[in-house]
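For reference, the structure discussed in these notes is given below.
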Amino acid sequence: MSKIVYILNGPNLNLLGKREPAIYGHETLADVEANCRRYAAEHGVELRFHQSNAEYELINWIHEARECACGLIINPAALTHTSVAILDALNACDFPVFEIHITNVHKREPFRHKSYVSLRADGVIAGCGIQGYELAFMRLMKLAG
Ligand code: DQA
């Protein structure tokens with residue numbers, strides 16, 4: 001069984017800690033990556049952590065993961081609410097998929113209540129801040145283990 005986990009982050013998450021800190025908090029994506037690298041090391045898995053503002057890059061990483069990963073965690077950011085292409089890419093994967101949102105999207109504007117990715121995700125974590133990545137990782141390790 002593969003021991004590679006992908007964690008993908010969508011548009012604007014490179015600005016985490018700088019954009020709208022009252023909503024998204026002060027921790028940066030580098031902090032998220034450092035935490036995730038720690039969990040990965042604790043579980044003896046290889047982590048491939050990426051962020052892009054381009055939909056096609058996220059899709060290409062999902063295709064890459066399809067060939068080698070045991071699971072994938074994705075914060076698709078705004079593409080959550082619009083991207084059939086990301087849903088289709090995830091539907092082509094057999095491994096567990098977790099969707100994570102730093103904020104509770106259900107408490108926010110109505111356009112954030114719809115998620116295409118949730119139609120494929122095995123679990124969804126929203127509103128737990130950046131700790132959501134850790135929670136998704138723990139669940140993935142349980143399923144993949
Ligand atoms: C987000 C929620 C999305 O609605 C938003 O577009 C984001 C971040 C979150 O992590 O809370 O960019 O995915």
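The values are calculated or read from the model by the stated rules, or taken from the named source; none is laboratory data. It should be emphasised that the depicted structure is a prediction, and the values quoted were computed from it without experimental measurement. Here Cβ is always computed from backbone atoms with ideal geometry, including for glycine, and neighbour counts include all displayed protein chains. All accessible areas refer to the heavy atoms of the entire protein, side chains included, with ligands and DNA or RNA removed. Shrake-Rupley method; radii C 1.70, N 1.55, O 1.52, S 1.80 Å.
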Problem - Carbon plus sulfur fraction of accessible area for the chain, probe 1.4 Å, in percent - result: 51 percent
Fill in the blank from the handout: When the charge dipole of the chain is computed with +1 on Lys and Arg Cβ and -1 on Asp and Glu Cβ about the Cα centre, the Cα farthest towards its positive end, among Leu15, Asn75, Ile102, belongs to Ile102
Handout entry: Under 29 Å from the Cα of Lys18 - lysines, other chains or at least 8 residues apart
Key = Lys107, Lys114
Exercise for the section: Give me the distance between the Cα centres of region 65-92 and region 5-31, rounded to whole Å. Expected result: 18 Å
Exercise for the section: Express in Å², to the nearest 10, the accessible area of Glu55 obtained by rolling a 1.4 Å probe over the protein heavy atoms while all chains stay in place. Expected result: 70 Å²
Exercise for the section: Determine how large the accessible area of Tyr39 is when every protein chain is in place; take a 1.4 Å probe and give Å² rounded to the nearest 10. Expected result: 20 Å²
Problem - Net charge of Cβ neighbours under 12 Å - reference Leu90; Lys, Arg +1; Asp, Glu -1 - result: -2
Problem - Whether the chain is rounded, prolate or oblate, judged on the alpha carbon gyration tensor where a/c under 1.5 counts as rounded - result: oblate
Problem - Point-charge dipole on Cβ atoms (K/R +1, D/E -1) for region 4-144, about Cα centre, debye to 20 - result: 380 debye
Fill in the blank from the handout: As straight-line cross-link partners of Lys142, the qualifying lysines (C-alpha separation under 22 Å, not fewer than 8 residues apart within one chain) are Lys3
Handout entry: Value at 222 nm in deg cm²/dmol, rounded to 500, when DSSP H runs of n ≥ 4 in the chain each add -39,500 (n - 2.57)
Key = -11500 deg cm²/dmol
